[in-house]
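The values are calculated or read from the model by the stated rules, or taken from the named source; none is laboratory data. Nothing here was measured: the structure is a model prediction, and the numbers come from that model. Virtual Cβ from ideal backbone geometry, glycine too; neighbours counted across all protein chains shown. Keep in mind that these areas ignore ligands, DNA and RNA; they rest on the heavy atoms of the full protein, side chains included. Shrake-Rupley method; radii C 1.70, N 1.55, O 1.52, S 1.80 Å.
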Amino acid sequence: MPNKLKIASLAAFAACAMAYGAQAQDKLQEVLDRGKLIVGTGSTNAPWHFQDAEGNLVGFDIDMAKLVAKGLFDDPEAIEFVNQSGDARIPNLVTDKVDITCQFMTVTAGRAQQVEFTIPYYREGVGLLLMADGEFADYDALKAAGGDVTVSVLQNVYAEDMVHAALPEATVDQYESVDLMYQALNSGRADAAATDQSSLAWFMTQSPGRYKDAGYGWNPQSYSCAVKPGEQRWLNFVNSVFHEAMTGVEFNTYAASFKQWFGVDLDPPQIGFPIEYR
Amino acid sequence: MDFAAFLDQAWASRNLILAGLGRTILISAIAIFFGTILGVAIGVLLTYGNIVVRFVIRIYTDFLRGTPVFVLILACFYILSVAGVDLTPFQAGTFALALFCSSHVGEIVRGALKAIPVGQTEAARSIGLTFPQIFRYVLMPQAMRQILPTWVNTATEIVKASTLLSIIGVVELLLTIQQIISRTYMTLEFYFLAGILYFIVDFAIERAGRYFERRVAIPD
């Protein structure tokens, strides 16, 4: 079935469900009384939510959910994960199948009318991956080479425009799957691979020293968790948890997770005047 | 493609793959079993029921056959939960497949029963057999020969349709494979493996169907 139809039918179900979904008690209290957090997420996207070799669910989204559980119960493991496809993120929220969805959800105005987003915990963008010992040193070198550069990218309607936004003259080779896209870079058929910064960062941590980031990112988008509309107190709570994870008491947990999945050491927030108001 | 590395990863993930395969087989077996029982009842009612029963059952089968399985699965998962029946993804998905299976089996059974000349029923009745006896000894043995080949078709369809349960989060074989791919980046290799495993399951159903076809065939 075409993806559009899938999404349309899911939206229709969500709408039906929303019409019925009566407002019960306060969500924060409900979760506290239950003693565990029910989190909707996926299981097929590294480094966000995927299974390690032992079959455990791991990733940056998972760590965000654990921060919320830690805040609620002082136990990061007090979570029941509900496995859901990307299309099911909104329906599962509005039908109360999950308390919160943490599944690399891009914040858009359209979605913000159906669910309520928490503050963002990551800024995604497209980046360029190069071989560490390759011909081109960085983004400027790629750009200077103009039409002599071939970029491998995952097949997509917008792939060509996406690459040309950063490298207007580059040749774009589209590949069916992620492994083939990286394979093109490895074998020298492509000079750079263009994909999500997070995927690049994760891929680089998998084989240290083999690749490098070209140092240019574009197509920004914010990743947030989402909750059911109308649960203001619950939303405030999750926002507080995330805010303090990025700037306050849980910064070390957040930074350790960031380092693990994206290979980047974060500087601690400056002490004194709160950085977010500068 | 590095075949040794693929075998390595496949071996390391063998328990996950077997669990996924097991779940696919379990879902399919439950759905086909209950779908067939319900389907036979539907087929009989469609053939011998009175006009009101026939009308109601006709709407049921036409509605189910005219709806994509995908929509059916979503309906069982989301609509039922809104109506207060809170099924797990596994239960909702298997239920949807069983309903889908029943509508198809119902039509198969109806067609097979209709193909038997009405004179046979009349003859059976004239020697004093009751309807259950006629059904058991006269109609069903003949209908089976018609039903089996198409029933195999429906059963293999159900196995294939079980992949759609991944959309509501049931970790069956396909979702298991996708989880492994997201860790190993070996897309084509693992999808190929999934293809082989699905083929083996469907091939086994086909062979079983053939075996029973021979059992019910008219001896030469």
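Here is how the numbers come out for the structure above:
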quantity	calculated
Residue within the range A:224-242 that is over 21 Å from A:P76 (Cβ atoms), over 18 Å from the mean Cα position of the chain (by Cα) and open to solvent by less than 10 Å² (accessible area, probe 1.4 Å) present	no
Pick from the range B:64-83, criterion in contact (Cβ under 8 Å) with a residue 24 or more places away in the chain and within 10 Å of chain A (Cβ to nearest Cβ), ranking: surrounded by the most Cβ atoms within 10 Å (Cβ to Cβ)	B:F77
Residues of the range A:166-210 that turn out to be under 18 Å from A:K259 (Cα atoms), among the aromatic types (F, W, Y) and in contact with a strand residue (DSSP E or B) (Cβ under 8 Å, 6 or more places away or on another chain), as a count	1
Residue among A:K66, A:K143 that alone is over 23 Å from A:A245 (Cα atoms) and either touching a strand residue (DSSP E or B) at 6+ places or on another chain (Cβ under 8 Å) or assigned by TED's automatic domain parsing to the domain that holds A:G188 (or both)	A:K143
Residue satisfying condition, being polar (S, T, N, Q) and out of contact with any strand residue (DSSP E or B) (no Cβ under 7 Å at 6 or more places or on another chain), within set A:N219, A:N236	A:N236
Residue in the range A:190-208 that is least open to solvent (accessible area, probe 1.4 Å), counting only those that are in a loop (DSSP other than H, G, I, E, B) and over 12 Å from A:G134 (Cα atoms)	A:S207
Residue in the range B:84-106 that is closer than 24 Å to B:L164 by Cβ, surrounded by fewer than 19 Cβ atoms within 10 Å (Cβ to Cβ), touching a residue at least 40 places away in the same chain (Cβ under 8 Å) and not hydrophobic (A, V, I, L, M, F, W, C) present	no
Positions within the range B:175-192 being under 29 Å from B:Q91 (Cα atoms) and either open to solvent by less than 40 Å² (accessible area, probe 1.4 Å) or more than 14 Å from chain A (Cβ to nearest Cβ) (or both), in sequence order	B:L175, B:T176, B:I177, B:Q179, B:I180, B:I181, B:S182, B:F190
Tally, over the range A:135-164, of residues that are free of Cβ contacts under 8 Å to residues at least 60 places away in the same chain, open to solvent by less than 60 Å² (accessible area, probe 1.4 Å) and not in a helix (DSSP H, G or I)	5
In the range B:189-220, the residues that are touching a Lys or Arg at 6+ places or on another chain (Cβ under 8 Å), more than 18 Å from B:G22 (Cα to Cα) and of a type outside the set (A, V, I, L, M, F, W, C)	B:E213
Boolean, A:F242 is in contact (Cβ under 8 Å) with a residue 40 or more places away in the chain, in a helix (DSSP H, G or I) and over 13 Å from A:T118 (Cα atoms)	no
Strands (runs of 3 or more DSSP E) contained entirely in the range A:27-122, each with at least 3 residues that are away from chain B (no Cβ under 11 Å) and out of contact with any Gly (no Cβ under 9 Å at 6 or more places or on another chain)	A:37-41
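Listed here are the residues, each with its yes/no results for (1) part of a helix (DSSP H, G or I); (2) open to solvent by less than 10 Å² (accessible area, probe 1.4 Å); (3) of a type outside the set (D, E); (4) without any contact (Cβ under 8 Å) to a residue 24 or more places away in the chain.
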| site | (1), (2), (3), (4) |
| --- | --- |
| B:I108 | yes, no, yes, no |
| B:T121 | yes, no, yes, yes |
| B:I134 | yes, yes, yes, yes |
| B:V171 | no, no, yes, no |
| B:L197 | yes, no, yes, no |
| B:V201 | yes, no, yes, no |
